[in-house]
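*Asks:* Please see the structure below; I have some questions.
FYI, it's all coordinate maths here, none of it is from the lab. For clarity, every value in this text was computed on a predicted model and none was experimentally measured. Note that each Cβ is placed from the backbone with ideal geometry, even for glycine, and that neighbours are counted across all protein chains shown.
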């Protein structure tokens with residue numbers, strides 16, 4: 001088998017309870033909820049909390065955000081009802097402090113060894129993305145450092161048609177948003193089903 005047999009699938013940019021339930025029923029391991037000013041899929045904490053409370057205990061709930069410091073990170077996570085932080089901000093020592101609080105942390109980094117290596121030991125996992133954050137830019141996924149792939153999510157520009165390129169790297173998981181949508185913020189059941197099936201088989 002060319003990919004990682006137990007590769008995790010994270011569906012990001014969830015904006016409704018209906019899409020959350022559909023993705024969960026189809027076997028997504030994690031769902032991502034954006035609270036990030038200027039992002040088209042950004043939701044208020046009240047709605048994120050409502051959706052998270054409707055999900056089962058096995059599905060990981062991830063808050064995608066850009067807090068200013070550790071204290072705001074803790075407050076945002078509490079307000080959202082999520083259990084994992086995916087951060088576009090904070091330095092390695094701050095990530096370590098969050099983990100000392102028992103919080104799991106994903107850190108978004110560029111697909112190069114320099115920045116990734118800075119955060120690798122401080123985060124629970126890395127999320128590799130290129131281009132402007134959240135735009136779904138496609139890039140050469142083989143640029144992701146080999147030594148870090150088993151503790152990383154491949155993100156950015158993934159679709160049911162090209163996820164095999166990420167799968168071949170044997171990452172910990174893959175992260176998709178716009179690639180399984182019928183329009184921004186609305187997931188397409190057919191695309192979600194195909195994406196997850198191609199990841200899991």
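*Asks:* What nm value, rounded to one decimal, do you get for the distance between residue 99 and residue 140 when each label is placed 7 Å out toward the C-beta?
*Replies:* Taking the simple label geometry, residue 99 and residue 140 are separated by 3.0 nm.
*Asks:* Residue separation times 0.36 nm, minus the C-alpha to C-alpha distance between residue 6 and residue 183: what's the value? The partial results should precede the final answer.
*Replies:* On the way: separation 177, 0.36 × 177 = 63.72 nm, distance 2.91 nm.
Gain on stretching residue 6 to residue 183: 60.8 nm.
*Asks:* Could you give the nm distance between label points at residue 132 and residue 74, where each point is 7 Å from its Cα heading toward the beta carbon?
*Replies:* In this crude spin-label approximation the distance works out to 3.5 nm.
*Asks:* Another question, then. For region 62-201, state what percent of all Cα-Cα pairs lands in each successive 5 Å bin, counting from 0 Å until the bin that includes the largest distance.
*Replies:* Going out from 0 Å in 5 Å bins, region 62-201 shows 2, 10, 20, 20, 20, 15, 10, 3, 0 percent.
*Asks:* Okay, moving on. How high is the relative contact order of the chain, in percent, with contacts defined as C-alpha pairs under 8 Å that are six or more residues apart? Don't skip to the end; give the middle numbers.
*Replies:* On the way: 413 pairs, mean separation 45.3, N = 201.
After rounding, I find 23 percent.
*Asks:* Okay, moving on. Taking 0.36 nm per intervening residue step and subtracting the Cα-Cα distance, what contour gain separates residue 17 from residue 53 on full extension? Each step should come with its number before you reach the end.
*Replies:* On the way: separation 36, 0.36 × 36 = 12.96 nm, distance 0.96 nm.
Length gained between residue 17 and residue 53: 12.0 nm.
*Asks:* 7 Å from Cα along Cα→Cβ at both residue 117 and residue 165: what's the point-to-point distance in nm?
*Replies:* Here the answer is 2.6 nm between the modelled labels.
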